[in-house]
2 protein chains.
Amino acid sequence: MLSPVENLSDNHIQFLRQTLGAEFVSTNASDREYHSHDQSFHHPHLPAAVVFPDSAAQVSAVLKYANEHLIPITGWGAGTSLEGHTIPVLGGIVIDLMRMDKLLRVYDDDFQVDVQAGIKYKDMNLKLAQHGLFFGPDPGANATIGGMIANNASGTRTPGYGATRDNVMRLEVVLANGEIIQTGTRSVKTSSGYDLVHLFIGSEGTLGIITQATLKLYPLPEHFSVVIASFEDIEGATRSVSAIMGAGLHPIALEFLDPYSARVLNTTGEFRLHEKPTLLMEFHSATSHAIEHELALAQELCSDNGCISFEAGVGRAERDRLWKMRHSHYEVLVRTHPGISFLVGDVAVPISRYPELVAACERELLTLGLRGASIVGHAGDGNAHPVVPYLPGDDASHARAEQVFANMVHIALELGGTATGEHGIGIGKIPFMAQEHGNSLAVMRAIKNTLDPNGILNPGKMF
Amino acid sequence: MLSPVENLSDNHIQFLRQTLGAEFVSTNASDREYHSHDQSFHHPHLPAAVVFPDSAAQVSAVLKYANEHLIPITGWGAGTSLEGHTIPVLGGIVIDLMRMDKLLRVYDDDFQVDVQAGIKYKDMNLKLAQHGLFFGPDPGANATIGGMIANNASGTRTPGYGATRDNVMRLEVVLANGEIIQTGTRSVKTSSGYDLVHLFIGSEGTLGIITQATLKLYPLPEHFSVVIASFEDIEGATRSVSAIMGAGLHPIALEFLDPYSARVLNTTGEFRLHEKPTLLMEFHSATSHAIEHELALAQELCSDNGCISFEAGVGRAERDRLWKMRHSHYEVLVRTHPGISFLVGDVAVPISRYPELVAACERELLTLGLRGASIVGHAGDGNAHPVVPYLPGDDASHARAEQVFANMVHIALELGGTATGEHGIGIGKIPFMAQEHGNSLAVMRAIKNTLDPNGILNPGKMF
């Protein structure tokens, strides 16, 4: 087990300054504080130093040195993770990839792009729009591509475009010993060798530092439609999800709001949602005619399942308005519930078990007796985000919220699901790894020990 | 390095008989001969014994014993591989999974199925049709699901449904030491732990024996259309591929035939193809109206790129007729070229490089001066199958064919592609692993050594 490194010796600092340039090695209080936490409630921990490399070669030099001197290394993108992934719990060096933010090359005819890992995905998509292309996964927060890959991030657009793991062709990774490898190919198809690309996706910086990636892109759609469909009950809403997927329709997004979340969003005055179980959908199509027929079919399927209101809008403005509303949910919730803080859960189950998951989460939330308890989620892929309220500064209240949070994970696992649909393991989900993975956890550990025998890479996470 | 085991001792045979039942352990000549080769030209090698387990527990017992006694193990599905994967080059035990062919459970609402690894995919799809569902990847040959997973098989339907690696949720795997692990989840989304499922997919039986899988399915489409589009030149055909994908159309299949292949298929009299570069396409759609509009758009895009003939057909019968023709290509080629044998190549490149790949392969084939040289391929994903003729029994001719075969792989790699799009590494593509993977090959080897320290699993393959 690696020991904590709360401060670096003068020799260590000297090495880093020579390698990166003095201005790109920081031990000042504000840089260390900024890199001590992510966006979660997990306890912050200061790194001994923060470095800002501008190349894989610099990352390599730092890792080689850290590996020889047993210095903990934590990779850092935008700090938007929600389970403590980027908190340097053993101190050591945080490698902030913010300077490695270049869009290197667009392959227009292949719908691919080479980027450095530190580029933020929204910034990248703005640049790609000039090529008529975009990267599909959309985690909400303006994460870096490296962070999205390390965490296998996803979000509202996963029914249409998959998670990050479905959209990465090739990686450049610096291993614990400083070796730089390239893995994967720009060929859409390959059956050559072990799939190391997927091994690094979702490895949370514990197997290597991702420095560059080739991503799969999609052409920007021309014809959008969105739907807000409200249902008498959750079963009708989730049966509609199955019916829509089963009919061969291809929703890009298929989101669930519980009645309380609809009520919270109504406080903004921008929408007048029914305060009932509600689905938000987005469809794309190659032609405007096709989209009309798809909407008609979607409406029929929802009606068959107890839909009480089906409002469709066509075009980009309607689309943008819907998602602005959806993405404002958490902010509006916080604003309208002063004196309450929230833990955001992230559990996922097979879609057929979604009604049970939501019902069980509702029961758990009721036990807290606090305002603001609610559930939103990506119904199209069985992912729920229960929003668990607690009283800030009240340890007992926080503990109750954590217990509810844990209960929900156990429920998801019992329903054949996973402890985390998209937020990752980090620190917060470690207690559930054994239940979810059984003895395959030992295989994961063996791979970790093979690729990082000294355990310098993001210690204290995943295992 | 593991030693060959050409015969098993009486003790070994005794153990196997006790474990599996005497009738499920064979050392007879015909069983050994049948399991000594696959469908490739690679040299056969006899196993010492063939066993037919009926459970993961039996596979586990065999592996644990083999690992202790350093007996080579080769997994066996349907023997349809094309690069020597299932040839037991060091003898030892072949584990034939033919008895583990059960469809265990269909999850209708989740579009998933649990199967044993020995089920053949065509048999499985016949059973799934009763549920209105099917497994998307279609390698042509009636492979087992376990074989398809081990090889990451794909085929004509990959533009629509991805390769096998895109359609596996969960695996049961027996490791070299006999341990049985479950990995993956039925949840569509997960960010929990390392992605071991993808590590085993395409590992060609070198990391473990896959005994069970949960597969992702699709609803059977209701509205089909197919297109045969001929072009003045290969550039027009491949530009059309890019245009169709870029317009947001979703072809399920997008196949390329060179003029010679079209001529070969015309000998059957069932189609009157233009003997020009030709694309075969299939579209599915949720509504018949939508499909008309998609076809119209596809035609417009092909016309823009020098299409000289665009024949569309709608409905299942037209679809079946087209694919029967396409799948008959190799058989018709062999029948119409008596006295010539063929190596079938399998290279893939980024789609934008497909014209260069095809042109370079054509040049290579010309050097042979033999009839039958031709190219078919899965244009929609950049995969080409050059068909390389040689004179059977003529070592010099075979050597020239092998050289052309190798040259094509180098060309594909130089174009940013891969040594194998879908046939896998097996024996035949080992010489290209270093060029394709560079120093990430050492990472693959390290993982192999970690999971199979004695090297008993499919020795002589991949590395």
Q) Do any helices (runs of 4 or more DSSP H) entirely within region B:1-94 hold 3 or more residues that are in contact (Cβ under 8 Å) with a residue 24 or more places away in the chain, and if so, which? A) B:10-20, B:56-69
Q: Could you list all residues from region A:254-272 that are in contact with a helix residue (DSSP H, G or I) (Cβ under 8 Å, 6 or more places away or on another chain) and crowded, with 21+ Cβ neighbours inside 10 Å?
A: A:Leu254, A:Glu255, A:Phe256, A:Leu257, A:Asp258, A:Ser261, A:Val264, A:Leu265
Q.
Would you confirm, using the coordinates I've provided, whether A:Lys276 is charged (D, E, K, R) and under 25 Å from the mean Cα position of the chain (by Cα)?
A. no
Q: Could you give me the residue pairs with C-beta distances under 8 Å whose first residue belongs to region B:427-448 and is touching a residue at least 12 places away in the same chain (Cβ under 8 Å) and at the interface with chain A (Cβ under 10 Å from one of its Cβ atoms), whose second residue is surrounded by 23 or more Cβ atoms within 10 Å (Cβ to Cβ) and of a type in the set (D, E, K, R) wherever it lies, and which are 6+ apart or on separate chains?
A: B:Lys429/B:Glu83
Q.
Tally up the residues in region A:247-267 that are more than 30 Å from B:His131 (Cα to Cα) and in contact with a Ser or Thr (Cβ under 7 Å, 6 or more places away or on another chain), please.
A. 7
Q) Can B:Thr183 be described as more than 30 Å from B:Leu301 (Cα to Cα), away from chain A (no Cβ under 13 Å) and outside any loop (DSSP other than H, G, I, E, B)? A) no
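Residues are listed down the side, and each one gets a yes or a no for (1) within 12 Å of chain B (Cβ to nearest Cβ); (2) over 23 Å from A:Asp320 (Cα atoms):
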site	(1), (2)
A:Ile119	no, yes
A:Met124	no, no
A:Gly140	no, no
A:Ala143	no, no
A:Pro159	yes, no
A:Ala163	yes, no
A:Glu172	yes, yes
Q: Just one of (1) closer than 25 Å to B:Met462 by Cα; (2) out of contact with any Phe, Trp or Tyr (no Cβ under 9 Å at 6 or more places or on another chain) trips up B:Tyr65, so point out which.
A: (2)
Q. Within region A:443-452, how many residues are within 25 Å of the chain's Cα centre (by Cα) and either of a type in the set (S, T, N, Q) or not in a loop (DSSP other than H, G, I, E, B) (or both)?
A. 6
Q: Can you tell me which residue within region A:410-419, out of those that are touching a residue at least 40 places away in the same chain (Cβ under 8 Å) and surrounded by fewer than 23 Cβ atoms within 10 Å (Cβ to Cβ), is nearest to the other protein chains (Cβ to nearest Cβ)?
A: A:Gly416
Q) Can you tell which of B:Phe283, B:Phe310 is assigned by TED's automatic domain parsing to the domain that holds B:Asp258, of a type in the set (Phe, Trp, Tyr), part of a strand (DSSP E or B) and closer than 17 Å to B:Arg239 by Cα? A) B:Phe310
Q) List, please: which pairs have Cβ atoms under 9 Å, are six or more places apart or on different chains, and start with a residue in region A:329-358 that is without any contact (Cβ under 8 Å) to a residue 24 or more places away in the chain and end with one that is surrounded by 17 or more Cβ atoms within 10 Å (Cβ to Cβ)? A) A:Val334/A:Ile340; A:Val334/A:Ser341; A:Val334/A:Phe342; A:Val334/A:Gly372
Q | Enumerated strands (runs of 3 or more DSSP E) restricted to region A:193-280, each holding at least 2 residues that are closer than 21 Å to A:Gly313 by Cα and away from chain B (no Cβ under 14 Å) | A | A:223-231
Q) Does region A:153-209 hold any residues that are over 14 Å from B:Gly162 (Cβ atoms), among the aromatic types (Phe, Trp, Tyr) and under 16 Å from the mean Cα position of the chain (by Cα), and which are they? A) A:Phe200
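The values are calculated or read from the model by the stated rules, or taken from the named source; none is laboratory data. On a predicted model such as this, the values are computed, not experimentally measured, just so you know. Cβ sites come from the backbone with ideal geometry, for glycine too, and all protein chains shown count toward neighbours.
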